[in-house]
1. Can you tell me which of (1) of a type outside the set (D, E, K, R); (2) surrounded by 16 or more Cβ atoms within 10 Å (Cβ to Cβ); (3) touching a residue at least 60 places away in the same chain (Cβ under 8 Å) is the one residue 119 doesn't meet?
2. Here is a check on your reading of the model: is residue 76 within 16 Å of the chain's Cα centre (by Cα), among the aliphatic types (A, V, I, L, M) and outside any helix (DSSP H, G or I)?
3. Please work out if residue 163 is touching a Phe, Trp or Tyr at 6+ places or on another chain (Cβ under 7 Å) and either part of a loop (DSSP other than H, G, I, E, B) or not acidic (Asp, Glu) (or both).
4. List every residue pair whose Cβ atoms lie under 8 Å apart, where the two residues are 6 or more positions apart in sequence or sit on different chains, the first residue falls within the stretch 65-94 and is among the basic types (Lys, Arg), and the second residue, located anywhere, is part of a helix (DSSP H, G or I) and surrounded by 17 or more Cβ atoms within 10 Å (Cβ to Cβ).
5. For the stretch 41-72, enumerate the residues that are modelled with pLDDT of 95 or more and in a loop (DSSP other than H, G, I, E, B).
6. Does the stretch 124-133 contain at least one residue that is within 20 Å of residue 45 (Cβ to Cβ), within 16 Å of the chain's Cα centre (by Cα), surrounded by fewer than 16 Cβ atoms within 10 Å (Cβ to Cβ) and at pLDDT 95 or above?
7. All but one of (1) touching a Gly at 6+ places or on another chain (Cβ under 8 Å); (2) surrounded by fewer than 20 Cβ atoms within 10 Å (Cβ to Cβ) hold for residue 41, so report the exception by its number.
Amino acid sequence: MIGRSGKHIDPEDPVWILNQYRAAEVHGAGAIMRMGRLADSAQLRRDLSRHLRDEAVHAWLWTRAIEEFNGEIADVDQPYQARLSAHFGIPKTLTDMLALTLVSERRGLAEYELHMDEPLPAAIKRPLKAIIKDEAWHVSYIEEDLFARAKEDPSVQTVIERAEAADVMAVRELEAAVAAQGKA
């Protein structure tokens, strides 16, 4: 994900950014699986199960979009989430993981919503529409869970702020890398 920098999907050659989005969904699925083992309530386990399903479906939707452009599924060395985690540090608690997932989901949702105003082929618009609905729910349930945790532990807000700061640094770093590759 590139951030709110005005990065657009090139309708003539969208494969690079679609691979970025696909990698983000795959990476997100791994994080959701780890959180599922740490979940401390039945509701959170339920929500994480649905979220895991969504991440897998989103990765598949981006895979199909890449294939519709005769593109190749490519490995992404340093996806956004890897950079986010590097700036945050190793998450030590479920709250750390939820905060990182929240900022990542917010970032993805903002990115996808920006693209909806672009004149893009149906092969991109279709998955965007489906994914945006799911991403909005992901943000909602994680915010609700973190809000409940913050009622019991005021330090939760500090964790969220730390994740938001890591997001800013990760996006800055990714945008610099993209510019250096000539993808901006």
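1. Result: residue 119 passes all but (2).
2. Here the answer is yes, as residue 76 does meet what is asked.
3. Answer is yes for this residue.
4. Hits for this filter: 83/170; 83/174.
5. Listed by number, the list holds a single entry, 41.
6. No; the residues of the stretch 124-133 include none that is within 20 Å of residue 45 (Cβ to Cβ), within 16 Å of the chain's Cα centre (by Cα), surrounded by fewer than 16 Cβ atoms within 10 Å (Cβ to Cβ) and at pLDDT 95 or above.
7. Among (1) touching a Gly at 6+ places or on another chain (Cβ under 8 Å); (2) surrounded by fewer than 20 Cβ atoms within 10 Å (Cβ to Cβ), residue 41 violates only (1).
Residue-by-condition table, conditions (1) closer than 19 Å to residue 174 by Cβ; (2) more than 15 Å from the chain's Cα centre (by Cα):
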{"position": "31", "(1), (2)": "yes, no"}
{"position": "48", "(1), (2)": "no, no"}
{"position": "70", "(1), (2)": "no, yes"}
{"position": "102", "(1), (2)": "yes, no"}
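The values are calculated or read from the model by the stated rules, or taken from the named source; none is laboratory data. Here the structure is a predicted model, which is why all the values come from computation and not from measurement. Using ideal geometry, Cβ is built from the backbone for each residue, glycine included, and neighbour counts are taken over all protein chains shown.
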